[in-house]
1. Taking the range 87-104 as the region of interest, how many residues are outside any helix (DSSP H, G or I), of a type in the set (G, A, S) and surrounded by fewer than 24 Cβ atoms within 10 Å (Cβ to Cβ)?
2. Would you please list the contacts, defined by Cβ atoms under 6 Å and residues six or more apart or on different chains, that run from a residue in the range 40-63 that is closer than 12 Å to E25 by Cβ to a residue that is of a type in the set (V, I, T)?
3. Consider Y159 against the criteria (1) free of Cβ contacts under 8 Å to residues at least 24 places away in the same chain; (2) in a helix (DSSP H, G or I): it satisfies all of them except one. Which criterion is unmet?
4. Taking L170, is it loosely packed, with under 15 Cβ neighbours inside 10 Å and in contact (Cβ under 8 Å) with a residue 24 or more places away in the chain?
5. Can you tell me which condition S131 does not meet? The list is (1) closer than 20 Å to M200 by Cβ; (2) surrounded by fewer than 16 Cβ atoms within 10 Å (Cβ to Cβ), and all the others hold.
6. Report, ordered by the first and then the second residue, all pairs with beta carbons closer than 7 Å, sequence separation of six or more or different chains, a first member in the range 72-91 that is over 21 Å from G106 (Cα atoms) and free of Cβ contacts under 8 Å to residues at least 60 places away in the same chain, and a second member that is assigned to a helix (DSSP H, G or I) and open to solvent by 30 Å² or more (accessible area, probe 1.4 Å).
7. Please tell me if A84 is in a helix (DSSP H, G or I), of a type outside the set (V, I, T) and open to solvent by less than 20 Å² (accessible area, probe 1.4 Å).
8. So, of the residues in the range 134-153 that are over 16 Å from the mean Cα position of the chain (by Cα) and in contact (Cβ under 8 Å) with a residue 24 or more places away in the chain, which turns out to be surrounded by the most Cβ atoms within 10 Å (Cβ to Cβ)?
Amino acid sequence: RALAKALTMGLEYGAVCGNGPCATELGALYYNGEAVGQDYAAAQKWYERGEELGEIQSIINLGYIYEYGRNGERDQRKAYMQYAKAAALDNAPEAIYKMGDIHSRGRLGGSDKALAYRLYERSLSVAQQRSDLANASQAALRVAGFIGDEENERYGAPYDPFRALELYQLAERGLRLDIANGLTYYRKRLTEVLKNQESMRGKLTFFLR
């Protein structure tokens, strides 16, 4: 407990003094309930401080606060604005695929899967250029979901089970790394990715006959 208190005090001091990463990290501690009790109001407060300091991850994380209604009702429009801001300022791949999610699920009034697919491809491209495995894996599983299904050609996603399998394998690598780093909530998603790999192998077997 003493160590946790020292950690939060140090991060708070850094954030107050103008250190953006400290504000983001402090917000994440409160958001996830790590070392301190989970407190979404405190998380939002420090993410907002990080945003003031130009911290891209704080801008994105505020989007999650609004998207999932951590401090009240969900507000998809505010969430989208946060993701769009991070994408505009830094071309942030996480923000780009989150924008895709909102369009794919129709959370701004109507589903636009064609735009969602383009955003997922853009996110994947940027993440790979930056050697950002964590975000590349998230974008990869989304792109694979589109190109692994012939039905999605109507959205401009070319049917390509070969590439879909490769992308699911990329997603597996990233998810395993995340899980090893403590993000155990990705285990369910990893199981789904492994099942999707088998599905793609089945499609390839049929395709190659």
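The values are calculated or read from the model by the stated rules, or taken from the named source; none is laboratory data. Everything numeric here is computed off the predicted structure, so don't read it as measured data. Every residue, glycine among them, receives a Cβ derived from its backbone with ideal geometry; neighbour counts consider all protein chains shown. Just so you know, the surface numbers come from the protein's heavy atoms only, side chains and all, with ligands and any DNA or RNA stripped out. Shrake-Rupley method; radii C 1.70, N 1.55, O 1.52, S 1.80 Å.
1. 0
2. From residues that are closer than 12 Å to E25 by Cβ, the pairs are G50/T24; E55/T24; Q57/T24; S58/T24.
3. (2)
4. Judged against the criteria, L170 is not a match.
5. For S131, the failing item is (1).
6. Taking only residues 6 or more apart or on different chains, the pairs are L89/I56; D90/I56.
7. No, not satisfied.
8. F146
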